[in-house]
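The values are calculated or read from the model by the stated rules, or taken from the named source; none is laboratory data. Since we're looking at a predicted model, the values are computed, not measured. All Cβ positions, even for glycine, are placed from backbone atoms using ideal geometry, and neighbour counts span all protein chains on display.
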Amino acid sequence: MNLYQELSEGLLTIDLSGADEFIWFIDSYQNLKFGFRHRKDYSGLMAWIAPEYRNRARDKQGYFDIIGITGRYRNITHDALISRLLLNTTLEKCQSVWRGIWPTKAENPEEINLLAALAILMFEQEINFGNEVWQRHSRFSPNASNPNFRRPRDMLMGYITIAFTEGIERLDDFKNARGLLMPPDDEKVLTDYFHSLRNDERAEALMTGSTLKRFNQAIADKELNPHKY
């Protein structure tokens, strides 16, 4: 079972049980927890739908919305995490996490905690963006017939690759007015750093096959998003 399947099992379990959070990993030396909280009853950011987007939003958008529990890196943004990854680990180990495989040679506590935080943030992408009734649209939505073609977490992996290759300052070119990283429009950037991730045989999208079936079963009888109506 890869990292994202393991985390998805945790989300399905707390949805069924009514628990608020799933703790996946604990740094016992520093007593730091890693996992996520389920933003129940459409209370999360992903469930909010601006009036101008109500016609295109999906009926149960945001039902599975989560907020990461990332140790001492509380509420860490994507670019802040990438900055720390540059200082404490390698591109190859980030790629391993992206593939859903824990790096065997991650030994330094700071490195381990940062890679755990990366897994949580990539899992958020897999849950919140895609083709399904609880997800927002994404340029990196999976292809159900080819799980290895593309994944929502590719956006984060692409920017990590840019930072390791061109420097962290390059990410400023892809931020919106609020300082958030957005999908790039430049075709060369897309080709070099994002489309190049396609068809990796060791990196499957999460919401395909049996995992997708189980999430669809879990949400089938759930109420609609009240922000849409």
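Of all the residues in segment 3-25, those that are at pLDDT 95 or above, over 12 Å from residue 38 (Cα atoms) and not in a helix (DSSP H, G or I) number 1. The residues of segment 89-130 that are hydroxyl-bearing (Ser, Thr, Tyr) and modelled with pLDDT of 95 or more, listed by number, are 89, 90, 96. Which residues, counting only those in segment 28-39, are surrounded by 16 or more Cβ atoms within 10 Å (Cβ to Cβ) and either farther than 20 Å from residue 8 by Cβ or at pLDDT below 95 (or both)? Of everything in segment 28-39, just one residue is surrounded by 16 or more Cβ atoms within 10 Å (Cβ to Cβ) and either farther than 20 Å from residue 8 by Cβ or at pLDDT below 95 (or both), namely 32.
Among the candidates 142, 152, the residue that is surrounded by 22 or more Cβ atoms within 10 Å (Cβ to Cβ) and under 29 Å from residue 88 (Cβ atoms) is uniquely 152. Just checking, which of 140, 174 is in contact (Cβ under 8 Å) with a residue 12 or more places away in the chain and over 30 Å from residue 40 (Cα atoms)? After ruling out the rest, the residue left standing is 174. Restricting 161, 211 to residues that are part of a helix (DSSP H, G or I), under 18 Å from the mean Cα position of the chain (by Cα), farther than 23 Å from residue 83 by Cβ and at pLDDT 95 or above narrows the list to 211.
Looking at (1) crowded, with 17+ Cβ neighbours inside 10 Å; (2) modelled with pLDDT of 95 or more; (3) assigned to a loop (DSSP other than H, G, I, E, B); (4) out of contact with any Leu (no Cβ under 9 Å at 6 or more places or on another chain), which is the only condition residue 194 fails? Among (1) crowded, with 17+ Cβ neighbours inside 10 Å; (2) modelled with pLDDT of 95 or more; (3) assigned to a loop (DSSP other than H, G, I, E, B); (4) out of contact with any Leu (no Cβ under 9 Å at 6 or more places or on another chain), the lone unmet condition for residue 194 is (3). Picking from residues in segment 43-92 that are among the charged types (D, E, K, R) and in a loop (DSSP other than H, G, I, E, B), the one that is surrounded by the fewest Cβ atoms within 10 Å (Cβ to Cβ) is 74. Screening 154, 79, 59 for residues that are touching a Leu at 6+ places or on another chain (Cβ under 7 Å) and within 14 Å of residue 205 (Cα to Cα) leaves exactly one candidate, 154.
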